[in-house]
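Just below is one structure, and these are the notes that go with it.
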Amino acid sequence: MVTIKKIKVSDLRVGMFVTEPASSWLSTPFHAKNLQVSTPQDIEQLKEHGISDVYIDTEKYVEIKPQEKKEEDATKNEKDFISVELSAFRVGDDVPVDIFWRDQDGMPWRIIKSGRTFSEEVMEVCRGSQVTNVLIPADQEGLFERYRRPIVEEEVQREKIGFSDKYLNPSEVTAYYNFMDNYHSITPVIFTAGERLDFTIFIRLENNVTPALEKGERLEEKTLGKWIEEDANLVIRKADKEAYHAYMLKNVKDSKDERKKLAFVRENSRIIVESLAENPRSEKLMHKTKESVTSITDMIIDQPTTFYSLIKINNYDYYTFTHSVNVATLSLALAIAAGITKKDGLEELGLGAILHDIGKSQVDRNLINKPGKLTPSEYKTITHHVALGYDMLKGNKAISEVAMTPLLQHHEKLSGKGYPYGLPADKIHTFGRIASIIDIYDALTTQRSYKNAFSPFDALLLLSKNENDYDKGLFTLFVHIIQNQEK
Ligand SMILES: [Fe+2]
Ligand SMILES: [Fe+2]
């Protein structure tokens, strides 16, 4: 059944899902695509951009209940917003209210939906835009107050007793690090029903695990189907990683099943990059990393419609090496879309992208995954991962200078406000421009807790607010890639 319908913007209602304007997408802002109309203001903005007709997907209509509708209507007037300090929101918390910024014309734009996690990456975007005050809908002031009051009281109390790391519950942090030390996340896609594995598989629930399939036990079809269908959060003991890798090389590498083959490329790359981080001077491991980048490149060229689904597999946690493979995959996809060919150095871009955060393995792990706000000196320490990564790899003859660009420049910004060098736009290489967009996008859409990560749409919307930091042409192209994949 066809569910796409063309209608007039004047007939749009809150709750409808706009797939795209009925005009060239190039001439319209990207936020007019795949838009779930959530406020009357959304409709007004489409009109302001001169869009008269849109395509809607009737199947994706979300009915707004009368009570919610009243709330939404209330956000359309200027006086219905109040200004609050951005610093009122605590890094690591889920924001209790919708957060708006003003665009260049002074129009309020929602940039963060309530319920999303205010992560360090969100903070990084805000720092870049130098926003100190934001708007919240006046009718959400009560929610904001209820959120804010206990924080203020807690801060006062903790300051009195001289508790410096005021955002953290130490026992939760220890449990989290113990978990990260002892387990390795895996994907169910690679298994076949009826097999008996020589390692135990666990299901993870926060920082606890329960055995889901004991070593040697038969994997029933029903169990496997359920894992895949629910995208179960599965882990194995770190000590079993070699056995898992060996299993994949023997049973999955040459599989005829495309989905398994793609999952293999991803899982294999993660393990190889992790080994290289432990042994950065190994030319053999660098060659293996190159091979895995070649497989990723071929995968994107051969399977442009399926590679993206792999990025989303087991994105339950911010594992540095999962992020590394995601950044390489999306960087290559963007480069290919931008017309960069193998001859122009795709493999070098991919290699640099997959290694971009390798220096994080040299930074105190207590900081890398710290679940709360970083102090200025902690933030500074984390920024050292760029130079540390470069130092780790510069002695390895199997990596070229140009392949180092994504690593060296992935935190640089075209506005000159990036780090470590604060390079001006004309000194930032295309590979650096690509890596900087992809790096923050992946960090925003993955995050610590799956349910509160930014949706692709919301992540792109947030980044679009800092358009001076990113290469406009590449950003628009990337938005187009994500839109096509999300359809
Ligand atoms: Fe980084
Ligand atoms: Fe990164």
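The values are calculated or read from the model by the stated rules, or taken from the named source; none is laboratory data. Bear in mind that the values here come from a model prediction, so they are computed numbers and not experimental data. Using ideal geometry, Cβ is built from the backbone for each residue, glycine included, and neighbour counts are taken over all protein chains shown. Only protein heavy atoms, including side chains, enter the accessible area calculation; ligands, DNA and RNA are left aside. Shrake-Rupley method; radii C 1.70, N 1.55, O 1.52, S 1.80 Å.
One residue alone among Lys250, Lys241, Lys290 is part of a helix (DSSP H, G or I) and surrounded by fewer than 16 Cβ atoms within 10 Å (Cβ to Cβ), and that residue is Lys250. Between Ile296, Ile336, the distinction of being within 19 Å of Gly352 (Cβ to Cβ), hydrophobic (A, V, I, L, M, F, W, C) and open to solvent by 40 Å² or more (accessible area, probe 1.4 Å) belongs to Ile336 only. Once segment 375-415 is narrowed to residues that are touching a Leu at 6+ places or on another chain (Cβ under 7 Å) and in a loop (DSSP other than H, G, I, E, B), the residue that is farthest from Asn279 (Cα to Cα) is Glu412. Any chance segment 437-449 includes a residue that's touching a helix residue (DSSP H, G or I) at 6+ places or on another chain (Cβ under 8 Å), outside any helix (DSSP H, G or I) and within 16 Å of ligand 1 (Cβ to nearest atom)? So far as segment 437-449 goes, yes, one or more of its residues are touching a helix residue (DSSP H, G or I) at 6+ places or on another chain (Cβ under 8 Å), outside any helix (DSSP H, G or I) and within 16 Å of ligand 1 (Cβ to nearest atom).
Restricting attention to segment 263-305, the residues being among the acidic types (Asp, Glu), more than 24 Å from Asn251 (Cβ to Cβ) and modelled with pLDDT of 95 or more number 1. The one condition from (1) more than 21 Å from Gly359 (Cβ to Cβ); (2) without any contact (Cβ under 8 Å) to a residue 60 or more places away in the chain; (3) open to solvent by 10 Å² or more (accessible area, probe 1.4 Å) that Ile272 does not meet is (1). Checked against the criterion of being more than 14 Å from ligand 2 (Cβ to nearest atom) and farther than 30 Å from His287 by Cβ, segment 381-399 has at least one qualifying residue.
Just to verify a result, which residue in segment 383-403, among those that are without any contact (Cβ under 8 Å) to a residue 60 or more places away in the chain, buried (at least 20 other Cβ atoms within 10 Å of the Cβ) and among the hydrophobic types (A, V, I, L, M, F, W, C), is farthest from ligand 1 (Cβ to nearest atom)? Filtering first and then ranking leaves Ala403.
Just checking, does segment 460-471 include any residue being polar (S, T, N, Q) and open to solvent by less than 40 Å² (accessible area, probe 1.4 Å)? Yes - at least one qualifying residue is present in segment 460-471. The set of residues in segment 346-365 that are of a type in the set (D, E, K, R) and either touching a residue at least 60 places away in the same chain (Cβ under 8 Å) or within 12 Å of ligand 1 (Cβ to nearest atom) (or both) comprises Glu348, Asp357, Lys360, Arg365.
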